[in-house]
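Worksheet: the structure to be examined is printed underneath.
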Amino acid sequence: MILELEQQIIPYKMVTFTISTYNNLEYLKLAIKSVRENAYYKDAPFIIHTENCTDGTNEWLFSVKDFYNLELYIEPEVKPARGIGGGMNISISKVKTKYVIPIQSDFFVGYHFDLALIEELKKCKGRAIVSSWRIQPNIFGNPPQKPGNLFLPLNTFGAYWNDFDYTTFTEYSREFCEKNAIIIRRAEGAGGYALKKDDWDYVGGNDSVFAPTSWEDMDLFIRMQNLGFEIKQTSKSLIWHFAGRGSHRLEENGGQTCQRQREAEQRNFLKFQLKWGQLPQFDENDFVKPIPSKYNRMEYNIETNTSKFVE
């Protein structure tokens, strides 16, 4: 059962922000703060969905829902877990505006990140998705950059919620976006992108078979490409990604990926091959290539937490 706590939010007809979260309270606080302070559409509707939270997330949200003007959907006990993809599905299903920007609770959004996404999306003639550039603390030993991403030393802005210098990052994000104007054909997973709500509904969101985490984003982007979506990533919009704090649970496991994540990655590695008949391939922008299929549109059932194909 979903406990719905709808607020009388400002009826902004442009865009809605969404977050779905699981036991990530300190990063969630930063994510919500960043949207309300750094977004251009800072008074837009903001939907928060939680599942199975036991770390004080629900209690904190109740205490700040009026201050931040949040619309809350609380699921205290969900089995099996919806996970990242299912959580995005349920939160986006509540959106009533033309555009939606889903983000994750381990994001801190840059200055006016949303304006650049919407403005770029308006240039697209058909179905489309536009992603933000990302900066991450280099906790996994990545090369300094790859298409659409920068990996910075841990002490640049701070690698954790309690040492993150959000004021300096916000100013950096403003300067970065003013100085850079790059568009590549690429999308980023687990949110941090903008699209029309109708286009999300058309593709059917994330496939619940990949719950709770991993591979759902590649599956979604393959289906979008098969359905003719225009796909862009713009350096005019910037997001700080704390990298894996919502799924890998690094701080709870001595800096190592948690067992839940490892097991999900192994299961979904096999599920992806069963669904598509092959492993994913990637282009020059490290973006997943399309795989031809007639089963690209899906329908998500909130009550049963399942997805099915739609002809």
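The values are calculated or read from the model by the stated rules, or taken from the named source; none is laboratory data. In this text, all values refer to a predicted model and were calculated from it rather than measured experimentally. Here the Cβ positions follow ideal geometry from the backbone for every residue, glycine too, while neighbour counts run over all protein chains shown.
Numbers at a glance
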quantity: Qualifying residue in segment 189-199 (condition: part of a helix (DSSP H, G or I), loosely packed, with under 13 Cβ neighbours inside 10 Å and not hydroxyl-bearing (Ser, Thr, Tyr)); calculated: yes
quantity: Scope segment 129-149; condition at pLDDT 95 or above and either within 11 Å of residue 193 (Cβ to Cβ) or buried (at least 18 other Cβ atoms within 10 Å of the Cβ) (or both); matching residues; calculated: 129, 130, 131, 132, 133, 134, 135, 148, 149
quantity: Selected residue (only one of 47, 90 is part of a strand (DSSP E or B) and closer than 28 Å to residue 214 by Cα); calculated: 47
quantity: Output for segment 76-87, where each listed residue is part of a loop (DSSP other than H, G, I, E, B) and either under 16 Å from the mean Cα position of the chain (by Cα) or basic (Lys, Arg) (or both); calculated: 79, 82
quantity: Scope segment 43-73; condition more than 18 Å from the chain's Cα centre (by Cα) and β-branched (Val, Ile, Thr); matching residues; calculated: 54, 57, 64
quantity: Qualifying residue in segment 115-129 (condition: under 25 Å from residue 288 (Cβ atoms), basic (Lys, Arg) and in contact (Cβ under 8 Å) with a residue 40 or more places away in the chain); calculated: yes
quantity: Residue count for segment 286-295, restricted to those that are part of a loop (DSSP other than H, G, I, E, B), surrounded by 15 or more Cβ atoms within 10 Å (Cβ to Cβ) and in contact with a strand residue (DSSP E or B) (Cβ under 8 Å, 6 or more places away or on another chain); calculated: 1
quantity: All positions within segment 55-75 that are at pLDDT 95 or above and assigned to a loop (DSSP other than H, G, I, E, B); calculated: 56, 69, 70
quantity: Residue 275 being under 22 Å from the mean Cα position of the chain (by Cα), on the phi < 0 side of the Ramachandran plot, surrounded by 13 or more Cβ atoms within 10 Å (Cβ to Cβ) and touching a residue at least 40 places away in the same chain (Cβ under 8 Å); calculated: no
